[in-house]
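What follows is a set of notes on a single structure, which appears directly below.
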Amino acid sequence: MRRVMFIAGLSVLALGSAAWADDFRAYDVEIIQPWTRATAPGETTAMVFMKLDNTGGIADRLLRASTPAADGVELHGAVVTTDEIKMEAVKAIELPPGIDVMLQPGGLHLMLTGLKGPLEKGTELPLTLTFERGGMVDITAEVTDPGATEPPADDD
Ligand SMILES: [Cu+2]
């Protein structure tokens, strides 16, 4: 596993300026522009969003996530009923080859539970993602406006 992670790290360097600074990679899976929303004091949950693009030829799965900023991180999907959207825990997020999987408001997301303190706009939230094939990768999610519905505009 260590060796796979190291090779994956090298491949990011080899891509050079083709990748955004706020993108990450776990083997074949590109983790594109992770983001979350600022929270108010006392709030205990937060959602994290990103795009996961499996650029390889074999399916992968996001199995779990963790962050030092919260007691737990659940993988959530959204179930749309006639009058509301409900969140539902899923065991894994499937990443078919060649497909962009969006984690976005109203759909799949990471759910932080037991938030230890407010997330402040302009800071970076550290997370560790674990993929079935891609292994573990450390990422950061940009903390943006509390009411944001899309990732922050790229400022570079
Ligand atoms: Cu949720």
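Nothing in this text is a laboratory measurement; each read-out follows from the coordinates by a stated rule. Bear in mind the structure is a predicted one, so any value in this text is a computation, not a measurement. Neighbour counts run over all protein chains shown; Cβ positions are idealised from the backbone, glycine included.
What to note about this one:
- When ASP100, ASP22, ASP60 are arranged by Cβ crowding within 10 Å, least crowded first, meaning fewest neighbours, the order is ASP100, ASP22, ASP60.
- Whether segment 40-100 is rounded, prolate or oblate, judged on the alpha carbon gyration tensor where a/c under 1.5 counts as rounded: oblate
- Put simply, when 136-144, 46-54, 66-74, 88-96 are sorted by average Cβ atoms within 10 angstrom per residue, most first, you get 46-54, 136-144, 66-74, 88-96.
- Using only alpha carbons, segment 56-150 has a radius of gyration to Kirkwood radius ratio (Rg to Rh) of 0.97.
- Per-residue HN-Hα couplings for segment 90-106 [Karplus 6.51, -1.76, 1.60; θ = phi - 60°; Hz; x = Gly/Pro]: 10, 6, 7, 9, 6, 10, x, x, x, 10, 8, 9, 8, 9, 8, x, x
- Across segment 2-144, C-alpha contacts under 8 Å between residues 6 or more apart give a mean separation that, scaled by the residue count, equals a relative contact order of 31 percent.
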